[in-house]
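Structure first, then comments.
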Amino acid sequence: PKGATIEIDLNGKTITGIDNTEKNFEIIKNEGTLTLFGGGKLTVEATVNSGWNRYSAVIANTVGGTLTVKGGVEIEHLGGTSMSYAIDVLTNGRGTSAVAVIDGATVKSPYRPIRQFLNGTDAVNSLTVKAGSVIKSTNGNKSIWMQDPSANANTGSLVVEEGAELYG
């Protein structure tokens, strides 16, 4: 929730979700400060293909959210719908922020592993990939998508450091 600081030690465990809705979907919606560590895996598979009408994500890092995913953690969307993201970073509004840091994790999706949705005005949408891998698991491009949806879109910041690997 907003304002909360939470650290989750996955302790090598796997958490799996099934997206069987026709609305935007995520296992985790972060609006606070969230750190994932301790190995382990978070996955989602969609069973309803809604085309381009909605997103399906493992983690939606939204307004006010600061997300850090540490080494040994895997975030994977297994597909099943057109807009499938492992991590979706959304700003949604005026003067808002959303910050994501990949620090040694593996992030995968058959569509786009990470989307920065620049859908705010005067907003900050920041993504840093310090280390780890961002992998589009099917042929094609766009392991990271900085989506500029309209004339009112905010700018985004993308930093990819030397220890990072981008595939696709």
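With each label modelled as a point 7 angstrom along the Cα→C-beta vector, the I6-N139 pair spans 4.0 nm. Accessible area per residue for the stretch 1-42, computed on protein heavy atoms with a 1.4 Å probe, is 63 Å². Could you tell me how far the Cα centroid of the stretch 23-81 sits from the Cα centroid of the stretch 98-115, in Å? The two parts, judged by their Cα centres, are 9 Å apart. Each residue, T14 and T47, gets one label point 7 Å from its Cα in the Cβ direction; the gap between the two is 1.8 nm.
For the stretch 37-124, the share of alpha carbon pairs falling in successive 5 Å distance bins from zero is 3, 16, 23, 22, 18, 12, 5, 0 percent. Bridgeable aspartates and glutamates around K23 (alpha carbons under 16 Å apart, same-chain partners fewer than 8 residues away excluded): E45, D88. Taking the accessible area of the chain, probe 1.4 Å, and keeping the other protein chains in place, the carbon and sulfur fraction comes to 47%.
Ligands, DNA and RNA excluded, the heavy atoms of L158 present near 70 Å² of accessible surface to a 1.4 Å solvent probe. Given a 1.4 Å probe and the protein chains as shown, K23 ends up with an accessible area of around 150 Å². Across the stretch 83-95, computed HN-Hα scalar couplings (Karplus, 6.51 cos²θ - 1.76 cosθ + 1.60, θ = phi - 60°) run 9, 10, 10, 6, 10, 10, 9, 10, 9, 6, x, 9, x Hz from first to last residue, x flagging Gly and Pro. Residues whose amide H lies under 5 Å from that of K108, counting only those 5 or more places away or on a different chain, are I75, E76, H77, I135; hydrogens are built 1.01 Å from N in the peptide plane. Computed with a 1.4 Å probe over protein heavy atoms only, the accessible surface of the stretch 48-131 comes to 28 Å² per residue. With contacts taken as Cα pairs under 8 Å at a separation of at least 6 residues, the chain carries a relative contact order of 17 percent.
Using θ = phi - 60° and the Karplus relation 6.51 cos²θ - 1.76 cosθ + 1.60, list the HN-Hα couplings for the stretch 23-30 in order, rounded to whole Hz, with x at every Gly or Pro. These are the phi-based 3J(HN,Hα) values: 10, 3, 9, 7, 6, 10, 10, 9 Hz. Ignoring lysines fewer than eight residues from K70 along the same chain, the ones with Cα atoms less than 16 angstrom from its Cα are K13, K41, K108, K130.
The values are calculated or read from the model by the stated rules, or taken from the named source; none is laboratory data. Given the structure is predicted, the values throughout are model-derived calculations rather than measurements. Cβ sites come from the backbone with ideal geometry, for glycine too, and all protein chains shown count toward neighbours. Note: accessible area is taken over every heavy atom of the protein model, side chains too, but ligands, DNA and RNA are not part of it. Shrake-Rupley method; radii C 1.70, N 1.55, O 1.52, S 1.80 Å.
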